[in-house]
Structure formats: C-alpha cells, structure tokens
1. What number goes with the only condition from (1) under 23 Å from A:Ser177 (Cα atoms); (2) within 13 Å of chain A (Cβ to nearest Cβ); (3) not in a helix (DSSP H, G or I) that B:Gly128 does not pass?
2. If the Cβ limit is 9 Å and pairs must be 6+ apart or interchain, which residue in segment A:163-183 that is more than 7 Å from chain B (Cβ to nearest Cβ) and within 20 Å of B:Glu165 (Cα to Cα) pairs with which residue that is of a type in the set (Ser, Thr, Tyr) and assigned to a helix (DSSP H, G or I)?
3. Being modelled with pLDDT under 90 and within 30 Å of A:Leu195 (Cβ to Cβ) narrows it down to one of A:Leu94, A:Leu76, A:Leu114, so name that one.
4. Could you list, in sequence order, all residues of segment A:31-88 that are among the charged types (D, E, K, R) and either under 13 Å from A:Ile237 (Cα atoms) or over 25 Å from the mean Cα position of the chain (by Cα) (or both)?
5. Only one of A:Pro192, A:Pro188 is touching a Lys or Arg at 6+ places or on another chain (Cβ under 9 Å), within 30 Å of B:Ala104 (Cα to Cα) and within 14 Å of another protein chain (Cβ to nearest Cβ); which?
6. In segment B:11-52, what residues are of a type in the set (S, T, N, Q) and not in a strand (DSSP E or B)?
7. Which of the residues belonging to segment B:203-218 are in contact with a strand residue (DSSP E or B) (Cβ under 8 Å, 6 or more places away or on another chain) and in a helix (DSSP H, G or I)?
8. As an exercise: evaluate A:Gly134 against (1) touching a residue at least 12 places away in the same chain (Cβ under 8 Å); (2) closer than 30 Å to A:Leu79 by Cα; (3) away from chain B (no Cβ under 14 Å) and give the number of the one condition it does not meet.
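The values are calculated or read from the model by the stated rules, or taken from the named source; none is laboratory data. Please read all numbers here as calculations on a predicted model, not as lab measurements. Don't worry about glycine lacking a Cβ; one is built from the backbone with ideal geometry, like all the others, and counts go over all protein chains shown.
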Amino acid sequence: MTATDVAQAESAAPQIGEKSGRIRRFTDPLLFAAILVFGWQVAIWVTGFHPVVLPPPSRVFDILSNQGDFLVDNMLTTLWTIGWGFLIGGVFGLVSGILINYIPPVRRAIYPILVALYVIPKAVFIPLFILWWGAGLQYKLWVTSLLAFFPVTENTITGLQGVDREMVELTQSLQGSQFFTFRKISLPFAMPFVLAGLRIGLTEAFIGGVLSEIIVPSTGIGSRIVEAAAFSNTEFIIAAIMVVAAFGVVAYFGFLWLERKITFWY
Amino acid sequence: MGIKLDGLRKVFQTSDLTVEAVRDVSAEIQDHEFVSIIGPSGCGKSTLLRLVSGLLPPTEGTVYLDDVPVVGPAGNIGFVFQSPTLLKWRTVFKNVMFPYEVLASQKNVSASKADFETRAHELLKMAGLDEFTDAYPKQLSGGMQQRVSICRALIHDPELLLMDEPFGALDEFTREFMNEELLRIWGETKKTVIFVTHHIPEAVFLSDRILVMSRRPGTILGEVVVDLPRPRLPEMRETVEFLEQVVATRHLIGLGAGDVPPEEVPTL
C-alpha cells in the first residue's frame, strides 16, 4: 500500500455538503412548482381569462381534495394497463434483444420488422386493434406493450455488444463455455443498458396507456378526462393531468432509484 | 513450463482483406525464463500471444507447451491484458476469484474453493492490496487495478504467464513502479513469463532475453540476451550496462540514430 493508493481511494469518499444536497433535491422542484402555481394565478388576474378556459388554482385544488379518491382510483386502473403492458413489452424486448444479438439469422430476419412495428405511430394501429379486440383491456395492452418493447430491444443489443473482448478471451483461455460468458459477463455488463431501456419503455407505456384511453374511452383516467372535456369541466381536466404527472414522476424516479441500486458500479 | 514455437504462421481472412500477421516464427523459451517480445505496433505480438495460449489456431506451424502441442486453450495459462478488464460489479476479491469460477464450471479444478480463497488473499497481500479486498474497481487507480489483474492471472497457479503490454496505459512513473512490483511478484512465484511490450527500457529491465519482432508480417529478427544481474534494482536503469542493452535492442529493431527501417532498404 502506498501513499498514492490511500489518496486515490479517499477521493472516492463523500464530500461535505452532500447531505444538504439530498434534501434540496426534493425542496427545489416543489419550490419551483409553487412559483409556477403563483404565476398561474397572476396570469388569471392579469388576463381575466374565463374560468372555463383557465380555471384558477384554487378551483383545481378543490377538485383534487374533493374528488381525489375518484381520480386516484381511475389512475390506478390506468396503471394496471400500463404495468402489464410494460411487463409484457419489457420481457419481449429483452428476449428479442438477446436473440437478435446472438443469432445472426434472427437479426437479419426480425430486426427490420421490429423497427417497422415501432416506427409506425400506434394511433394508426388503434382502429385495427379495436376492430379485432374491442375497446377493452386487451387492445390497450397491445398498444402499451408495442410501445414499451423496442427501447428495451435496442438497449439490450447495445449492452450485449459492448462487452470487453478481452474479458471474453480470458474466459475462453480458461475453457469457459459461451453460456458461462453470457451469464457471468455479458448479462451483468448489459444490465445498466437494459434497465435504461426499460425505463424508457416504462415511460412510453405510461404515455401510451393514457393515450389509448383518450382515443377510445372506457375505463381509466384518460376516459375521465374525455368525459370532463365533454362537460367543459376544465378544472377536472387540469386536476387529472396533475394526477397523471404525479404518478408518472414517481414511477420514473422510482425506477431510476432501482436502476442505481442494481447497477451501482456504473 | 518450457515453450517451443515451431514455424508459426497466422493469416487472417475476412471477406475483403487478407492479413498475414505472423510469419515463420520459431523460438524456444526455457522454464522459469522471463522473455520479452518487442516490436513496432501492429507487428503481430498480440497475435503471437493468442497463438501461444491456444485462443487462436495457427495457419501453419505448432506451439508446444512442455513438448505437448497446443490444440486449444488449456486453462493452465495466466493472461494479463493492456487494460485491467476487471468486472466492475464485483469486488476486488471476487475479481481475483474469477478464474476459479470458470474452471469450476468446467469441473476443471485441482484444489478446493477454500484453497483458492486463501491463495487469493495471499496474492492480494503480496501485491500490497489487502486493504482493498472488498473495494470495487472504480475505487482503485489504474495501477492498482492492473495489480488486481495480475493477481487474477496467478490465482490458478498457471505455469505460464502471458502479458500483453500490461503497463502500456500507465504513465512513466507508475510504469517503472509496476515493473519493480512485477519482478518482486515474479521473484516470489518464478513462473515462465512472456511479456509483450514496445517499450525498450521496460523490456531490458524485466527480462532474461528479448525477442525482437519485425514489422508485419511479424517474424523474429533476433534476440538480445540481457546480461544484467538479478535481482534487478531501480538504480540499474541508470548504469552504462543497462544503456548498452537498450542500444543493442534498438539496433536490432533498426531504430538506431540514422538507421533506415529494414523494409525501406532498397534491394537491387
């Protein structure tokens, strides 16, 4: 152990001020949101917009407190769709990514078709899906999983291809099998990429889940938004948007936290 | 482990390129010898190491390890690369234990896991890293990571150590320090070492013999027997004898002042 060893190891230790930074990560955005709400109120005073066009914050907060349960219930229904779509799409994305990476015929045959499926706007598919499965859960699952899978496929491929060739050679020099290399080297190495892809897929599924309820209303918060629009219930719409945003932010950062925990080394 | 290279030739063939990396390489390396292979970039040194380890099959010729022809990787060789290539998600200790896991997966282990673990601790201690046993690679400097890589290459007690420009990515001071560390570790374990480098003073400081390779297609131009006493001390780098060996090596490569590189000598 030399002096340089110790010095270099110590520079990896946490610095002063990190603790207060952690609290500010929560308070700063809330402060900013409060400023935005205030600005919103000011905008109403200044412009005198009709409450149907832009309701004041107080009315929106009324809805949030009085109909909070209703909003959350519907959001949870939507979340059910999103969650399952994300799971199905994620698993399919991971498997297809692995197959495409390791089996050249699969890559040549299937990859362009997957790109096509992803690139076509899902709105184009929706009338077809409704024709096939009706306006229920099934069609929504198709939409969300189609949206979720491709980022996972792409990132899985990228992650698997980035493995150090020398690490593979080391394993080969010790007569290790290809499966051993995959399990102990490629897969862990690809993890940060796969999880990032899943996070993107989750976001896409989230968006797609709400959107599919708006295009063909049945259950879930997107449907309630469409109904409110029919009654010009603008404050409900804004309240619903806030609920969607809140859940989305929690889901996103929650997943990010999970990512960092699992791939701590990255 | 004694090594014999007999008329080795390696040609790489892709759809649009044919590259002859190594041509007609023959050499003999004794047990416990420390041999450096030196040559310009791209001369096939790394290919040669992969031929010796059995990772690549030769196009022509044979590699003999202890008089046994090599037909593929045999799991009795230690490999150190230019970059440490540690698994970032594992601790230093688990990285050193990696070869054990590979060998165990093929039911190819000669000792128990506990024996390997003891050996891992000993190696880390010998390399001066015992306080970092449970640290992660990203907490270590480049030189420290390379030391872990060396421990990893020794844990299954291979008789042959292949090192491919292991200190190439380090600065000069760290490189000299690592050279001394390597000799210390080698002195305690006395393996046969084939050390690839393109740094002449490094080759002179470390080796018993230096094999000089030509440009691609790589072939052995000649050898320099390093006549300096062991153990090699840092001060030796500043002696006349050391410089003489460096000069001899440089001339063999064809890099003496005013010398023309071999391929550019016109033939009539």
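1. Against the list (1) under 23 Å from A:Ser177 (Cα atoms); (2) within 13 Å of chain A (Cβ to nearest Cβ); (3) not in a helix (DSSP H, G or I), B:Gly128 comes up short only on (1).
2. Here the result reads A:Val168/A:Thr181; A:Val168/A:Ser186, each pair linking segment A:163-183 to a residue that is of a type in the set (Ser, Thr, Tyr) and assigned to a helix (DSSP H, G or I).
3. Numbers: A:Leu94 fails: modelled with pLDDT under 90; A:Leu76 fails: modelled with pLDDT under 90.
Going through A:Leu94, A:Leu76, A:Leu114 in turn, the sole match is A:Leu114.
4. Initially, segment A:31-88 is screened for residues among the charged types (D, E, K, R), giving A:59, A:62, A:69, A:73.
Selection gives A:Arg59, A:Asp62.
5. Values: A:Pro192 fails: touching a Lys or Arg at 6+ places or on another chain (Cβ under 9 Å).
So the residue among A:Pro192, A:Pro188 that is touching a Lys or Arg at 6+ places or on another chain (Cβ under 9 Å), within 30 Å of B:Ala104 (Cα to Cα) and within 14 Å of another protein chain (Cβ to nearest Cβ) is A:Pro188.
6. Here is the first cut: in segment B:11-52, the residues of a type in the set (S, T, N, Q) are B:13-15, B:18, B:26, B:30, B:36, B:41, B:46-47.
Matches in segment B:11-52: B:Thr14, B:Ser15, B:Gln30, B:Ser41, B:Ser46, B:Thr47.
7. Correct list: B:Ala203, B:Val204, B:Leu206.
8. Going through the list (1) touching a residue at least 12 places away in the same chain (Cβ under 8 Å); (2) closer than 30 Å to A:Leu79 by Cα; (3) away from chain B (no Cβ under 14 Å), A:Gly134 breaks only (1).
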